[in-house]
Amino acid sequence: MNFAAIEGSGCFGKFTVAKRRQARQVVRQAWQAAAVIAAVLGVAGCATGLIGGVSKDSAPEVKVAAVTKRAQDRWDLLLKGDVKAAYAYLSPASRAVVSPERYRSRVNPANFRSVKLETVSCEAESCRVRFWLTFDHRLMRGVQTPLEETWIFEDGQAWFVYRE
C-alpha cells in the first residue's frame, strides 16, 4: 500500500489529527495536574510554616534564636536605609496603628552607623532585645546609646512591637 492510497482512503489524515488532539489533551491535563499539585504544596507549606513556626509555647532556645535572627535582619535593613522592608517586621497590631508613611517619617536611618546585639531574653509570650546603636548626631559623630526592643510571637513568627 502506498502513501497515496492511505491518504486517499482518509484514514491517515484522521488518524494523525485525532492522535495530535489526544496528545494535546494529555499535555493539557498534565499541566492542570501540575498546577493543582503546586497549589496544594504551596498551601501545605504555608500551613506548615504556621504550625512549625515559633510560638509562646516553643522552647526558650528556639525563641531566642528566632528573635535574634529577625531582630538582626531588621536592623541590617535599617542600616541599609530600607525602611519599607523593615516596616514588614512590625507586629500586625503595630502595622494596624502605624502607617508605612508615619513609620518612615519617625525612623530616619540616615545617621545610623552600626548596631551591636547585646542580649536576648525571652519570657512566655515576648522577648526583650538589647542593642547598642551607634549613630551620628549633627553635633557629634559616633554616639553610642543603648536600645531595648520588645518582640512578640504571633502566627508562627516573631514580630517587633513598635512604640512611638
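Considering only residues of region 55-73 that are assigned to a loop (DSSP other than H, G, I, E, B) and of a type in the set (D, E, K, R), which is modelled with the highest pLDDT?
57
Please state which one of 138, 163, 102 is surrounded by 11 or more Cβ atoms within 10 Å (Cβ to Cβ) and either under 16 Å from residue 74 (Cβ atoms) or without any contact (Cβ under 8 Å) to a residue 60 or more places away in the chain (or both).
102
For region 106-159, enumerate the residues that are among the small types (Gly, Ala, Ser) and not in a loop (DSSP other than H, G, I, E, B).
Those that are among the small types (Gly, Ala, Ser) and not in a loop (DSSP other than H, G, I, E, B): 110, 114, 121, 126, 158.
The values are calculated or read from the model by the stated rules, or taken from the named source; none is laboratory data. Owing to the predicted nature of the structure, the values given are computational and were not obtained by experimental measurement. Note that each Cβ is placed from the backbone with ideal geometry, even for glycine, and that neighbours are counted across all protein chains shown.
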